[in-house]
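Worksheet: the structure to be examined is printed underneath.
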Amino acid sequence: ATMAVEAAEARTPRRRHGSMALGDLLLREASAERADAAGGERPGVAAGQAARARKGEDYALLKQSCERHPGASFSAFAMFDGHNGAAAAVYAKERLLANVLGCVPAHLTRDEWLAALPRALVAGFVKTDKDFQTRAHSSGTTVTLVIIDGSVVTAASVGDSRCVLEAEGSIYYMSADHRFDASGEEVGRVTECGGEVGRLNIVGGAEIGPLRCWPGGLCLSRSIGDQDVGEFIIPVPFVKQIKLSSAGGRLIISSDGVWDALTAEMAFSCARGLAPEAAADQIVKEAVDSKGLRDDTTCIVIDIIPPEKPKSTIHSRKKARNGFSLLKNIFIRKKTSDTLSHADTERTSEPDLVEEVFEDGCPSLLRWLDSEYPIRNMFKLFVCAICQVELESGQGISIHEGSSKPGKVCPWDGPFLCHSCQEKKEAMEGKRPSRDSSSRNSGSSE
């Protein structure tokens, strides 16, 4: 027995002063290799929050260190501005991030994870909305979720809680405003799906206030929750991804209590030079001083801090782009060309600048889930692409069922949806009867 103990001790790595166990050493070396592959030491993240409550329906999420698997970390921040109660905001805060991560296969490389993230965000938003609506609450919420992995910032948003980024002296809008007054395309989409968009009627036939969707009276075209409105108020987010330069940047995520009073330029200006928590407090103070406390007013400020000794301020354009080449060929974006010419690929270096990697606000779930997505292994086999429930033989419904592209796709091609997610998809597209309409004299508070 004594010999067995001694043999076991001989096989067990000993921790001495200044040394570490073999497993810890390997983990550290693997992390270092990943950091080198990502272009050097990762930037730091510092965040702060401030709020002034009127109705108590704003909720914020600040997670500076999350793991998708051991050794692969990221940060997550989110704003949830509830209306008609706080239930939807609370539920989304508790479940959304886990739902997003549940839509990404485990052990992807960092580049694959970043490329898979936009589709996972869409699936996670839709799952969260679908699950919450089974609870029969009529409340809803805006959502702006930001995931930071090294120098890459990915934002997804529904509603009007905005995210803006200041980097290299420029301001980037990381979210879209889904108020009906801000988008004629969204008005057209909702009316085509069976909704009615108009202003609130008062006695005498006059119309007042912002454009709203009826039934329900919601002034937002996209949200999570809002069961009393209609399925054409969709949870499919606008998604944008940016790769920062080595200089880092500052993000502001705020509810509309801030943006109804301040422009992005005003918000950055009034808080310049302040640490994140003091900056958030100053932005809230400026908004409330400007228009009074008319609504819940909440602000998150995040600084993405460059390493103390960055390896270089110059990097290879080819290296920077290759990590995202799979993602950049998925959807149409604002840039005139996403392909590199022969001359581009021969170029060895270029100034280290902010790069807009991806942007899409398409409302079509079919397009987001299309199996022509170039990384096939980002869809789990025999699992619903939205709710991730396991599908038995014959249970799954291909998103291509009834496709108008004969010869290009087959009904048995994935990805697949379960029956309830297929019904959700059809309702969002206006292919199922909407809920009973209600009069225009009971508008939503949002």
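The values are calculated or read from the model by the stated rules, or taken from the named source; none is laboratory data. Predicted, not measured: the structure shown is a model, and the values here were computed from it. Neighbour counts run over all protein chains shown; Cβ positions are idealised from the backbone, glycine included. Ligands, DNA and RNA are excluded from the accessible area calculation, which covers all protein heavy atoms including side chains. Shrake-Rupley method; radii C 1.70, N 1.55, O 1.52, S 1.80 Å.
K127 is checked against (1) outside any helix (DSSP H, G or I); (2) of a type outside the set (V, I, T); (3) at pLDDT 95 or above and fails just one. What number does that condition carry?
The failed condition is (1).
One line per residue, one yes/no per condition, for (1) open to solvent by 10 Å² or more (accessible area, probe 1.4 Å); (2) on the phi < 0 side of the Ramachandran plot; (3) under 17 Å from the mean Cα position of the chain (by Cα):
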{"residue": "G44", "(1), (2), (3)": "yes, yes, no"}
{"residue": "Q49", "(1), (2), (3)": "yes, yes, no"}
{"residue": "R54", "(1), (2), (3)": "yes, yes, no"}
{"residue": "L61", "(1), (2), (3)": "yes, yes, yes"}
{"residue": "H69", "(1), (2), (3)": "yes, yes, no"}
{"residue": "S73", "(1), (2), (3)": "yes, yes, yes"}
{"residue": "A78", "(1), (2), (3)": "no, yes, yes"}
{"residue": "D81", "(1), (2), (3)": "no, yes, yes"}
{"residue": "G85", "(1), (2), (3)": "yes, no, no"}
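State which residue is farthest from E426 (Cα to Cα) when the search covers only region 178-190 and only residues that are in contact with a strand residue (DSSP E or B) (Cβ under 7 Å, 6 or more places away or on another chain) and not aliphatic (A, V, I, L, M).
So in region 178-190, the residues in contact with a strand residue (DSSP E or B) (Cβ under 7 Å, 6 or more places away or on another chain) come out as 178-181, 187, 190.
With the extra rule that they be not aliphatic (A, V, I, L, M), the set shrinks to 178-181.
Values: H178: 21, R179: 23, F180: 22, D181: 26 Å.
Checking each candidate, the answer is D181.
List the residue pairs whose Cβ atoms are under 6 Å apart, where the first residue sits in region 77-103 and is under 22 Å from I302 (Cα atoms) and in contact (Cβ under 8 Å) with a residue 24 or more places away in the chain, the second is open to solvent by 10 Å² or more (accessible area, probe 1.4 Å) and among the aliphatic types (A, V, I, L, M), and the two are 6 or more positions apart or on different chains.
Sorted first by the residue in region 77-103, then by its partner, the pairs are F77/L62; A78/L61; M79/A60; K93/L61.
Can you confirm whether I283 is crowded, with 20+ Cβ neighbours inside 10 Å, modelled with pLDDT of 95 or more and outside any helix (DSSP H, G or I)? Before you say what the answer is, go through the steps one by one.
Working: crowded, with 20+ Cβ neighbours inside 10 Å: yes; modelled with pLDDT of 95 or more: yes; outside any helix (DSSP H, G or I): no.
Judged against the criteria, I283 is not a match.
When you look at E186, is it outside any strand (DSSP E or B), under 24 Å from the mean Cα position of the chain (by Cα), modelled with pLDDT under 90 and among the charged types (D, E, K, R), yes or no? First the steps, then the outcome.
Details: outside any strand (DSSP E or B): yes; under 24 Å from the mean Cα position of the chain (by Cα): yes; modelled with pLDDT under 90: no; among the charged types (D, E, K, R): yes.
Here the answer is no, as E186 does not meet what is asked.
Filter region 123-164 down to residues that are charged (D, E, K, R) and under 23 Å from Q388 (Cβ atoms) and give me whichever is surrounded by the most Cβ atoms within 10 Å (Cβ to Cβ). Please lay out each step first, then the result.
Let us first name the residues in region 123-164 that are charged (D, E, K, R), namely 127, 129-131, 135, 149, 160, 162.
Those left that are additionally under 23 Å from Q388 (Cβ atoms): 127, 129-131, 135, 149.
Values: K127: 26, D129: 31, K130: 22, D131: 14, R135: 12, D149: 20.
Selected residue: D129.
Report yes if E277 is open to solvent by 20 Å² or more (accessible area, probe 1.4 Å) and either farther than 26 Å from T128 by Cα or in contact with a strand residue (DSSP E or B) (Cβ under 7 Å, 6 or more places away or on another chain) (or both), otherwise no.
yes
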